[in-house]
1. For the stretch 68-75, state whether one or more residues are of a type in the set (A, V, I, L, M), part of a helix (DSSP H, G or I) and over 22 Å from residue 167 (Cα atoms).
2. Only residues that are among the small types (Gly, Ala, Ser) and touching a strand residue (DSSP E or B) at 6+ places or on another chain (Cβ under 7 Å): list them for the stretch 84-136, please.
3. Taking the stretch 42-90 only, how many residues are modelled with pLDDT of 95 or more and of a type in the set (Val, Ile, Thr)?
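The values are calculated or read from the model by the stated rules, or taken from the named source; none is laboratory data. From a predicted model like this one, the values you see are computed outputs, not experimental measurements. So basically every Cβ, Gly included, is an ideal-geometry build from the backbone, and we count neighbours across all protein chains shown.
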Amino acid sequence: MAETDHRNGPGPDTEATAVLPDDAFRADLAGLEQTIKALEAKVAENHNLYVRALAEQDNLRKRTARDIEQAHRYGVERLAQDLLPVLDGFEQALANAGTTDVAALVAGQAATARLLSKALEKAGIQEIVPTGQAFNPELHEAMTTQPAPDRPANTVLDTVQKGYLLNGRVLRPARVIVSRQA
């Protein structure tokens with residue numbers, strides 16, 4: 001292989017390199033420094049947004065936990081406020097039991113029962129009224145069966161104890177007497 005003399009210029013096997021002026025590198029360097037500063041500012045801004053988002057998420061988690069605790073602690077407050085007049089009615093009936101006639105006591109108890117029904121209804125509690133309906137094991141608990149020639153089998157003949165739903169979910173099934181084939 002032949003050696004190339006670099007003093008005399010490029011040899012036959014090498015390409016010529018263009019020489020740029022010194023100020024061209026400085027202009028490129030200044031542009032790169034500006035780009036780096038802009039990117040650093042964007043990184044700092046994004047980091048700040050990230051830290052704020054983390055803090056907001058933590059605050060939201062704490063607020064939610066506090067709200068859930070308050071809901072557990074005071075969730076029955078509205079029901080309790082609606083039940084207090086019912087308790088007042090019972091206490092008044094007991095206090096007047098010796099001095100009031102039976103008809104007045106019965107009327108007072110009926111009024112107290114209406115107050116209680118309204119309070120339960122406001123709390124989302126509904127009565128299950130199964131008499132005459134087909135037996136449904138999800139809503140009813142069969143206490144016994146009786147032959148009923150005039151009714152189809154598995155029909156609720158009578159309710160022994162009322163059942164209740166809480167917002168559509170069974171709170172207590174109705175205890176019932178169910179018909180069977182004779």
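1. The answer is no; no qualifying residue exists.
2. 124, 132, 134
3. Count: 3.
Rundown of residues vs (1) without any contact (Cβ under 8 Å) to a residue 40 or more places away in the chain; (2) over 22 Å from residue 176 (Cα atoms); (3) assigned to a loop (DSSP other than H, G, I, E, B); (4) of a type in the set (Asp, Glu), yes/no style:
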position: 104; (1), (2), (3), (4): yes, yes, no, no
position: 107; (1), (2), (3), (4): yes, yes, no, no
position: 110; (1), (2), (3), (4): yes, yes, no, no
position: 117; (1), (2), (3), (4): yes, no, no, no
position: 132; (1), (2), (3), (4): yes, no, yes, no
position: 138; (1), (2), (3), (4): yes, no, yes, yes
position: 144; (1), (2), (3), (4): yes, no, no, no
position: 151; (1), (2), (3), (4): yes, no, yes, no
